[in-house]
Every structure is written in structure tokens, then in C-alpha cells.
Amino acid sequence: MISARMMKMSEGGSAIRAMFEEGNRLASLYGRENVYDFSLGNPNIPAPEKVRSEIIRIAEDTDPMELHGYMSNSGYPFVRKAVADNLNTRFGTSFDENNIIMTVGAAGGLNVILQTLLNPGDEVIVFAPYFLEYGNYVANFGGVLKVVPTTEEDMFQPSAKALGDAISEKTKAVIINNPNNPTGVIYSESKIKELSAVMQEKERLYGISIYLISDEPYRELAYDGADVPYLTKYYHNTIVGYSWSKSLSLPGERIGYLVIPKEADDAQLIYSAAVISNRILGFVNAPALQQRLVAACLNEKTDVEAYDRNRKTLYKGLTDCGFDCTYPSGAFYMWVKSPDADDNTFAEKAKKYNILFVPGSSFACPGYVRIAYCVSHDMILRSLPAFKKLAGEYKL
């Protein structure tokens, strides 16, 4: 018999992955071209050309022992230095290789830092809607998830007051995902300053350290000149988790990093423990070839303009149908108000038209659905008549 904790997680499963599998089933029945699968944040935009050429160069020019061999559990020093230097150039920070740990994607990095920080019963605060796996990651290490809702009236920006009300002497961390999955909202600089002030006040009140964990796989996907604040500049106890899954269209390669700034409380202790955590969680180290690859591609960018075109086309198409949508400032998700009181029922009705999206309940925010527009532009255009029929069911 499996553990009670895993039994509970298995029963819950993942609605996003379930929709993805449903898409494969419908495609086998009706043809892939007749299924409009907006369920998974799996980039359709190809990786930059330099990614392909660098993979070939690295494979051909690197000694096999170095290419596929072990290295420090924190990653290659030259890769960590390249990442630190790149961040310093872009954001005016002062990191070096001893602030960077290479990780198996952002998800791997989040698990590494949560294992490093949490004692059983420690509380981790998230803002809903949020990427629901955060709850599982926190539970992995005996932590307690506290959910602070955001509202449509506040454009799904987090409330500093609500955060202050949620923080207790048991609070160990706050997770922010910016730009946000699933809303596409970017938390503004003024909002970050408000949140930072509240956390510093509560640190003084309770005599504790509260760590702000910034989950940033969508950092480069920002539109209309929007700025995504770099959080280490606003709060001393910030730890950054990053992934190249979206910025270079490499979701299956599982490569990312953690930044642990020297300004953070117990920074050196946290860094050393996180390196051990990287090993004992079973990652051992981030993939060797992928570390070399990203170090050579730090200035490469995905085709944000293609996502922007998708964003504009889908938003216009859905609003013309009568749907109420939050216009995203970043990431590649459209957050749509469900015309049905039950967002799960709305998602089920959409399947009649071979449309797949994820209910907002899966992000702890019922009454909405998430539509991932990291798909081909052609599919968006082909899907609009089906959305029109779906809207007709609700007389929008």
C-alpha cells in the first residue's frame, strides 16, 4: 500500500495533465486538426536557432567525460558565473557564482529551497489563483499552505493587507509567481514594495525571517513594454527560482537555477543546505549538457511577438463572442470568467466542441478558466467558430 500522503495526491491528480490526455484521446477520434487543446503551457514557438547549433557544437567539441560527467552538485562554476554576470548586467545586481545553484527546472528548484527552509508545520503563503502544484511541493516537506485570495476588482493583484493578516509566527515563506500563471497578470513595482514593507514589519514583530520565493519561468514573456520587477532589489530575504522552459521553449529539458543573494538571512547556510538538498532529493545535479547549453544562450530570446499576436487574436475573438476576459500583461494564458456558475461544467460543455481548457478551480479560484495560447496562431483562428458555438449555449 502506498503512503497516505501519496494516496491523497494520486486521488487529486492533475486537472491540467488530465486535460492534456483528453486532448490526445479526442485527437485520435477526430483528428489533431479538429481539436483545440488550450490545456497545457507547452510552447509551440520553436527554440531559437542558436539552441540547435549550440547543442551540436557542445556534443562535437566537448570531451565525453566532461560532457556527460558529474560536477559539483551546485552546477558547473563557469555556468553559474555566466548566469550571475548576465543577471548583474540586466538588473544591476551583484551576484557571483556562489549565489547561483543550477537546478532541474524551476519546479526542481522550488522543491530544493522548500526542503532547505521548511520544518514540519511551517507555513507558506500563496496568492490565489496560483499554480496548484505549490501545495504539493509544500506538503512534500511537512509545510502548511495558506492561500490568500486576490480579486477581479483588484485586477488579481495581491493585497498587502490580506498578506499581513495571513502572516503568523509560523510563516516561513511567501511564493510569488510573476508574471502569474494562470492570470497573465504582472505584479507591479508599487505592489511589490507594499508586500515587502508588510513582510519586513512582520519579521520585526515576530522576530523571524520570512523568505520571499520568486518563481519566474515567465519573466521574459511580458507585453506592451511592461516591466517585471526583479525582487531581490526590493526585499532582502528574496530567493529567485528560474527556468528556461518558456524563455527558450525548452520545457522538457528541465533546466533552471536558484538565486540565493548574500543579503538574505543565513545566506551561506541556506546555500550550503540547498546544494545538499539538490543531491538528496535525487536530482544530484542539473543536466550537464543543458547547463552548457544555457550558458551559451543567455542572451537568446523566444519569439515574444508571436505570443503577442496570439494574445491579441484570442482576446478579440473571445470578447467578440461575449466572453469576459482578463487582458494578460505577461505569460501566455488567458484568464476567462466562466459564464456557468460551475467552471467544471463549463469546461465539460466546451469538450462538445473539442475545446479543452482548465477550470479555475484547479488554481484555487473557481468561476474562471485558463486558456493557454502558446499554440499555433492557425489553431486559434480555427478554434474561434467553436468558441462562438460554445458562447451560443450561454446566449452571450
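The values are calculated or read from the model by the stated rules, or taken from the named source; none is laboratory data. All figures in this text were calculated on a predicted structure; none of them were measured in a lab. Note that each Cβ is placed from the backbone with ideal geometry, even for glycine, and that neighbours are counted across all protein chains shown.
Before moving on, here are some points about what is shown:
- Contact annotation: residue pairs with Cβ atoms under 7 Å, 6 or more positions apart or on different chains, pairing a residue in region 136-165 that is among the basic types (Lys, Arg) with a partner that is crowded, with 17+ Cβ neighbours inside 10 Å and in a helix (DSSP H, G or I), are LYS146/ALA166.
- One residue alone among VAL284, VAL304 is on the phi > 0 side of the Ramachandran plot, touching a residue at least 40 places away in the same chain (Cβ under 8 Å) and out of contact with any strand residue (DSSP E or B) (no Cβ under 6 Å at 6 or more places or on another chain), and that residue is VAL284.
- Qualifying residue in region 366-373 (condition: of a type in the set (A, V, I, L, M, F, W, C) and more than 25 Å from ALA226 (Cα to Cα)): no
- If you go through region 25-36 and keep only what is within 26 Å of the chain's Cα centre (by Cα) and either surrounded by fewer than 12 Cβ atoms within 10 Å (Cβ to Cβ) or at pLDDT 95 or above (or both), you end up with just TYR36.
- Residues of region 83-132 satisfying the condition of being buried (at least 17 other Cβ atoms within 10 Å of the Cβ), acidic (Asp, Glu) and not in a loop (DSSP other than H, G, I, E, B): GLU97, GLU123
- Here region 232-255 is the region considered, the condition is being over 19 Å from VAL124 (Cβ atoms) and among the hydrophobic types (A, V, I, L, M, F, W, C), and the residue that is surrounded by the fewest Cβ atoms within 10 Å (Cβ to Cβ) is LEU250.
- Within region 208-248, tally of residues that are small (Gly, Ala, Ser) and either assigned to a loop (DSSP other than H, G, I, E, B) or without any contact (Cβ under 8 Å) to a residue 12 or more places away in the chain (or both): 5
- Complete set of residues in region 368-395 that are surrounded by fewer than 16 Cβ atoms within 10 Å (Cβ to Cβ) and in contact (Cβ under 8 Å) with a residue 12 or more places away in the chain: SER376, HIS377, LEU381, ARG382, LYS389, GLU393, TYR394
- Sub-9 Å Cβ pairs linking a first residue in region 1-26 that is basic (Lys, Arg) to a second residue that is at pLDDT 65 or above, at least 6 apart or interchain, are ARG5/ALA139; ARG5/ASN140; LYS8/ALA139; ARG17/SER39; ARG17/LEU40, ordered by first then second residue.
- Hey, GLU263 surrounded by fewer than 22 Cβ atoms within 10 Å (Cβ to Cβ), in the same structural domain as LEU110 (by TED's automatic domain parsing) and in contact with a His (Cβ under 6 Å, 6 or more places away or on another chain) or not: yes
- Filter result (under 24 Å from ARG254 (Cα atoms) and either of a type outside the set (A, V, I, L, M) or not assigned by TED's automatic domain parsing to the domain that holds GLU216 (or both)) within region 110-128: ASN111, GLN115, THR116
One line per residue, one yes/no per condition, for (1) within 23 Å of the chain's Cα centre (by Cα); (2) within 23 Å of ALA107 (Cα to Cα); (3) surrounded by fewer than 18 Cβ atoms within 10 Å (Cβ to Cβ); (4) of a type in the set (Lys, Arg):
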| residue | (1), (2), (3), (4) |
| --- | --- |
| TYR257 | yes, yes, no, no |
| VAL275 | yes, yes, no, no |
| ILE280 | no, yes, yes, no |
| ASN285 | yes, yes, no, no |
| GLN290 | yes, yes, no, no |
| VAL294 | yes, yes, no, no |
| ASN299 | yes, yes, yes, no |
| THR326 | yes, no, no, no |
| ALA331 | yes, yes, no, no |
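- Residue check: LYS337 meets all listed conditions (1) out of contact with any strand residue (DSSP E or B) (no Cβ under 6 Å at 6 or more places or on another chain); (2) surrounded by fewer than 18 Cβ atoms within 10 Å (Cβ to Cβ) but one, namely (1).
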